[in-house]
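What follows is one structure encoded as structure tokens, with my remarks underneath.
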Amino acid sequence: MTNQNDFLLLILQQIGRLQRSGQAILRGDDVEALHNFRVALRSLRTLLPLVLLRRKPVDDAFLQAWRSLAKLSNAPRDAEVMLSLVGTNLNDAQRQSLQQSYNIGVNHLQTILTSAQLKTLCTNTRLQVQHRLSNIN
């Protein structure tokens with residue numbers, strides 16, 4: 001990145017991508033929504049530690065919150081991938097078990113997506129990143 005504004009823009013783009021994917025998960029109209037959500041999360045979890053400092057308690061809390069959200073999205077995505085890869089090779093009980101794991105995981109994720117927590121996390125992360133970038137000489 002050539003300057004702090006470019007770096008901030010890159011982070012904001014990933015937050016926007018995450019929010020759009022989250023809305024698609026809620027609508028259930030995009031088969032790639034969960035994948036795109038996780039890609040945006042992974043991007044944020046790569047970019048944020050370059051600005052936010054683990055040794056700062058406030059920054060570390062943001063990093064941990066993003067890590068927790070990523071963990072929450074693991075189970076449904078794993079089940080989704082397994083259903084698409086080996087779905088035809090599973091017996092009914094196995095397929096039903098994977099589908100149930102997917103449904104439970106998506107329901108948990110939808111609970112977070114419809115709460116104020118994610119919106120607050122996105123807003124406060126943006127503000128903290130701006131704060132950290134403004135203090136870089």
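The values are calculated or read from the model by the stated rules, or taken from the named source; none is laboratory data. Note that the coordinates shown come from a computational prediction; the quantities given were computed from them, not determined experimentally. Every residue, glycine as well, gets a Cβ built from its backbone with ideal geometry; the counts of neighbours run over all protein chains shown. Accessible surface areas use protein heavy atoms only, side chains included; no ligands, DNA or RNA. Shrake-Rupley method; radii C 1.70, N 1.55, O 1.52, S 1.80 Å.
Tabulated data
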item	result
Principal axis dimensions, the chain - Cα atoms, whole angstrom, descending	60, 27, 25
For the chain: accessible area per residue (Å², 1.4 Å)	60 Å²
Choice from Ser73, Ser21, Ser101 with maximal GNM fluctuation in the chain (Cα, 10 Å cutoff)	Ser101
Reference-scaled alpha-carbon Rg (2.2 N^0.38 Å with N residues) for the stretch 24-93	1.43
Expected 222 nm ellipticity per residue - DSSP helices of 4 or more, -39500 (n - 2.57), all of the chain, to 500	-28500 deg cm²/dmol
Given charges at Cβ of Lys, Arg, Asp, Glu: the chain dipole, positive-most of Leu83, Ile112, Thr125	Thr125
Test item: Cα-centred dipole of the stretch 1-128, Lys/Arg +1 and Asp/Glu -1 on Cβ, debye	440 debye
Dipole moment magnitude, nearest 20 debye, the stretch 18-59 about Cα centre, only Lys, Arg, Asp, Glu C-beta charged	340 debye
Degrees separating the helix 57-86 axis from the principal Cα axis of the chain, which is the longest one	30 degrees
Carbon plus sulfur fraction of accessible area for the chain, probe 1.4 Å, in percent	52 percent
Using alpha-carbon coordinates, inclination of helix 92-114 to the longest axis of the chain, degrees	30 degrees
Within-15-Å neighbourhood charge of Glu32 [Cβ basis; K, R +1; D, E -1]	+3
